[in-house]
1. Please find, among Glu94, Glu131, Glu70, the residue that is touching a Phe, Trp or Tyr at 6+ places or on another chain (Cβ under 8 Å), outside any loop (DSSP other than H, G, I, E, B) and over 25 Å from Val194 (Cα atoms).
2. Grab the helices (runs of 4 or more DSSP H) fully contained in segment 456-532, keeping just those with 2 or more residues being closer than 24 Å to Ser353 by Cβ, aromatic (Phe, Trp, Tyr) and touching a residue at least 24 places away in the same chain (Cβ under 8 Å).
3. Determine, yes or no, whether Ser105 is in a loop (DSSP other than H, G, I, E, B) and modelled with pLDDT under 90.
4. From Ala8, Ala15, which residue is buried (at least 18 other Cβ atoms within 10 Å of the Cβ) and either touching a helix residue (DSSP H, G or I) at 6+ places or on another chain (Cβ under 9 Å) or modelled with pLDDT under 90 (or both)?
5. Mind listing just one residue for me: the one in segment 127-155 that is loosely packed, with under 15 Cβ neighbours inside 10 Å and more than 30 Å from the chain's Cα centre (by Cα) and, of those, farthest from Val33 (Cα to Cα)?
6. Restricting the search to segment 504-527, which residues are among the hydrophobic types (A, V, I, L, M, F, W, C) and closer than 27 Å to Gln25 by Cβ?
7. Within segment 199-306, considering only helices (runs of 4 or more DSSP H) that don't extend past its boundaries, which have at least 1 residues that are over 26 Å from the mean Cα position of the chain (by Cα)?
8. Filter segment 43-67 for residues that are part of a loop (DSSP other than H, G, I, E, B) and either touching a Phe, Trp or Tyr at 6+ places or on another chain (Cβ under 7 Å) or hydrophobic (A, V, I, L, M, F, W, C) (or both); which is modelled with the highest pLDDT?
Amino acid sequence: AVGEEGEATGKSQMALSRILPTLHQVACYVQRVQKVAHNVLHQMTSLYSPEKKVNGFIDVSEVHFQVIYEHLGLLLATLITLDEVIINNSVLHEHWGAYRRLVRSAGSDQNKFGQDKAVLQPLEKLLTDVENLVMQGTMFSSVTRQSYECDGLTVSRNGALREEMMNVILGWCSQLEQGGGGGEGWWCDYQPQVVGVTALALLHQVIFNTQDKKLTKTLLNIFKKMPCITLVGSIMWFGERYIPSVAPTLSQLFDNKTQDMLLSHRTSHLVNKAQTITREAQTVNLQVCGWAVNLDAAAKKHSSQMKNQDLSQRASLLLQGMILAHTIKYNIETVLNLHTTLGRPMGKACAVSVCHLIESLKAIENTYHRHSSLLADSLPHVIQYLTCQVLSIVTAAKTRVSSARLDGQRLDILMALNLVEQMLSGCGTKERRLVIRVALSLANQARALKDEDISSLLVVLRRLDLACEVQSRVRDATNCSILYHHRVILPAYLDHYFKSLDNVHCIHFMLAAVQDCAIQLETCRHLEHSQQLLQDFKEEVYGYLKEYVLDKTCEAVETELRLSTHSHLQLDSRNPFQTPLKDISPVLCLQPLTLLNSLISVK
C-alpha cells in the first residue's frame, strides 16, 4: 500500500513538473496585464488632468474613449477566467502541494536527494512567484489592488476620470441591456462582454472606493438576462457571488438575499428551458434549414451581376448564420452547465434535444464550409459595401465640420475623420478597425456626428467586424468542445438514434462535434504522452458507438438472416404490411463515420 501511494505521489509530482512552464507563462502574463492596466490608467489620468492645457494635451472634455475601456475590461476578464480555472481545479492544488513538499524535502535532505540547496533557490523563487500570482486565484485582485499612485499622478483623486469611467461603464451596460441576452442582435459575444464590464466596474470601485447603487441595479438586470455565463468548458461564473469576494465593500449591495434571488431565477430558467427545449430544437432545425436554403439561392448569382440590394442580402445571410450559431451554442451551454452546477438530473428527452441542437450547430458550420467559394467571392464585395456606408457618413461629417470656422477643437475632429478615411482605404485588419473606433471617439464631439449617424456607425462597424472575422467567429461559435465535459449524454443520444432512425445522416454532425474536443485534448501538458488523453476519450466514445449502434445493427442483421434461413419452418408472418419490421437499411447505407481521425464503416 505504501509503495502504491509512493508511486501515485511520484506521478502527481511528475505531472505538475510538466505543467510548471505553463504556470510560469501565466504568471508572466499576469505581470504584463498589471503593467498594461497601470499604463492605461496613467495615460487616461494625464488626459483628464486639470493641468493638461498647460502641458499641451488635447481637450478631451467631450471625448469618450469607450473602446479603450472596453478592451481594458476584456483584458481583465481573461484574469477572472484564469482565476476561476485555477480555483475550480482541485487536482491541480493537490499536485501543487505534493510538489512543493518534495522541493522542500530536497532542500532539507541534501544527502538523500543529491541536490545542493543553492541549486534549488531559483526553483524556489519560481515556485513562490507562481504561488503568489497564480495558484491563490487572486490574479484579478493583484491588478485592481496594485498601487497606481506614482510619477506625480494621483489616479484615485481624479474626479474627471472617475466620472468618465462611470459613464463608459453605464453606457456599456446600456448596450448589453438593449441588445438582449443569448446572442440575439448583432452583439455575438455577450458572455465575455458581461464579464468585461463587471471587471471594469470592479476596477473602478477598488481604485475610487465608490458604491454606485445605479450601477449595481444595472449589473443585476444583466445577470438576470444572462442566467448562464460560461467562461470556458464547464466552468460557470456567477457575478453576484464573485463581486463581494473581490470587493468586500460591495457585500451589502450583493448580499445573500440578492444571491438567493438570482439562484432562484436560474433554477426557474433551467426548469422552463428543460420543458421547452424539445420544441425549441425543432424550431431551430427549421430556422437552420431555411437559412441554408436562402444562402444556396443567394449563391447562384455571380458577384459580377450583383447590385447593392444583393450585397446587403448576402451580408445579412452571412451574419445571420453566425448569430444563429451563437444563440444555439448559448442555449446548449445553459442547459448543460446549469444542470451540472445546480446539481439537477437531466432527463433523457432533454439530453437528446441538446444533441439535436448540437447537430444543428454543426450543420451551420458545414453550410459555411460548403459555401467557402461564396465566402471568398462575396466577402471582399461585402466588406467594400460596408466600408462605403461608413465613408458616406464620415464624408458628410467632414463637410459639416469644414463649413464652420476651424478652431482647435474642430481641427482635432477634422484630423480624426481624415484618419478614419485613411484606415478605411486599406484592408480591414484588426488594427485598422481599432484605430477607426479610437479616431471616431475623438471625432464625436461638438456635435460633429449626429445621433442617428452614431447609431448607424455602431451597427455598420459591428457588421464590418463580423465580416472581416467571419471564419474565425464561425469556428468559435460552432465549437462543441463542451461535449467533452458532458459526454455522459452520448449513450442516451445513440440509444435514441438507433431506436428512431430519424435523419440517420445527422450522426455525422454529432461525430464532428466530438472532433472539436480533440483540439483541446491534444494540447494537454500534464501527461507523459500528449495523445494519451485523446486516445482514452476516443476509446470511450467508440465504446458507446459500438454498444448502442454497431452491435445492435449487427444483431438485427443476424436475426433477420436467421429468420430468413428458417423460413421453411412456417414461422410467424414475415409480411411487412402485417407485422412491423425494423428497417435498418439507412444505417447500412451511411457513409463511413469519422471518429477522431479514424474511419468506421458500418457495413
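1. Exactly one of Glu94, Glu131, Glu70 is touching a Phe, Trp or Tyr at 6+ places or on another chain (Cβ under 8 Å), outside any loop (DSSP other than H, G, I, E, B) and over 25 Å from Val194 (Cα atoms), namely Glu131.
2. 490-500
3. no
4. Unique residue meeting the criteria: Ala15.
5. Gly152
6. Cys517, Ala518, Ile519, Leu521, Cys524, Leu527 - these are the residues of segment 504-527 that are among the hydrophobic types (A, V, I, L, M, F, W, C) and closer than 27 Å to Gln25 by Cβ.
7. Values: elements: 213-225, 239-246, 256-299.
Of the helices (runs of 4 or more DSSP H) lying wholly inside segment 199-306, those with at least 1 residues that are over 26 Å from the mean Cα position of the chain (by Cα) span 213-225, 256-299.
8. Phe65
The values are calculated or read from the model by the stated rules, or taken from the named source; none is laboratory data. As the structure is a computational prediction, the values presented were derived from the model and not from experiment. All Cβ positions, glycine included, derive from the backbone under ideal geometry; neighbour counts span all protein chains shown.
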